[in-house]
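The values are calculated or read from the model by the stated rules, or taken from the named source; none is laboratory data. Worth saying up front: this structure is predicted, and the values here are computed from it rather than measured. As a convention, Cβ positions derive from the backbone with ideal geometry for all residues, glycine included, and neighbour counts pool all protein chains shown. SASA here: full protein model, heavy atoms, side chains in, ligands and nucleic acids out. Shrake-Rupley method; radii C 1.70, N 1.55, O 1.52, S 1.80 Å.
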Amino acid sequence: MEKIRKGDEVIVIAGKDKGKRGTVLRRVDEDHLVVEGVNRVKKHVRPNPVKGVTGGIVERDMAIHISNVALVNPATGKAERVGFKLLEDGKKVRVFKSSGQTVEA
């Protein structure tokens, strides 16, 4: 089970985009994810008439390491650490370490 999933709101805690917030668009692999509006780069795209792609300079969101982001607690609006907890019915849920609240998915 992952501590940070697609659709979660995260805040960047390290790197050139420190302090920026965004939602997780997708996971690239186990350790990297793409966050909306974070780690934007300009990519030069070659035109491809077969696919209908026009050439030019395009801004893209690139992957960022998962250790450089933290989940945002909606109650406090701050970055928080996440842990796991087993419920009585045997279900495993994510919880914020500071308050013990479950993370709504």
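Please specify each residue of the range 91-104 satisfying the condition of being open to solvent by 80 Å² or more (accessible area, probe 1.4 Å) and assigned to a loop (DSSP other than H, G, I, E, B). Give the steps one after another, and end with the answer.
Going residue by residue through the range 91-104, those that are open to solvent by 80 Å² or more (accessible area, probe 1.4 Å) are 91-92, 97-98, 101, 104.
Across the range 91-104, the qualifying residues are 91, 97, 98, 101, 104.
Tell me, which strands (runs of 3 or more DSSP E) lie completely within the range 1-56 with 2 or more residues that are in contact with an Asp or Glu (Cβ under 6 Å, 6 or more places away or on another chain) and surrounded by 14 or more Cβ atoms within 10 Å (Cβ to Cβ)?
Working: elements: 9-12, 21-27, 32-35, 40-45.
So the answer is 21-27.
Taking the range 57-90, which residues are in a strand (DSSP E or B), open to solvent by 100 Å² or more (accessible area, probe 1.4 Å) and not basic (Lys, Arg)?
Kept after step one, since they are in a strand (DSSP E or B), are these residues of the range 57-90: 57-61, 63-65, 69-72, 79-80, 82-86.
Now drop any that are not open to solvent by 100 Å² or more (accessible area, probe 1.4 Å), which leaves 57, 85-86.
Once the filter is applied, which keeps residues that are in a strand (DSSP E or B), open to solvent by 100 Å² or more (accessible area, probe 1.4 Å) and not basic (Lys, Arg), the range 57-90 yields 57, 86.
If I ask for residues that are at pLDDT 95 or above and among the aliphatic types (A, V, I, L, M), which ones from the range 39-49 would you list?
41
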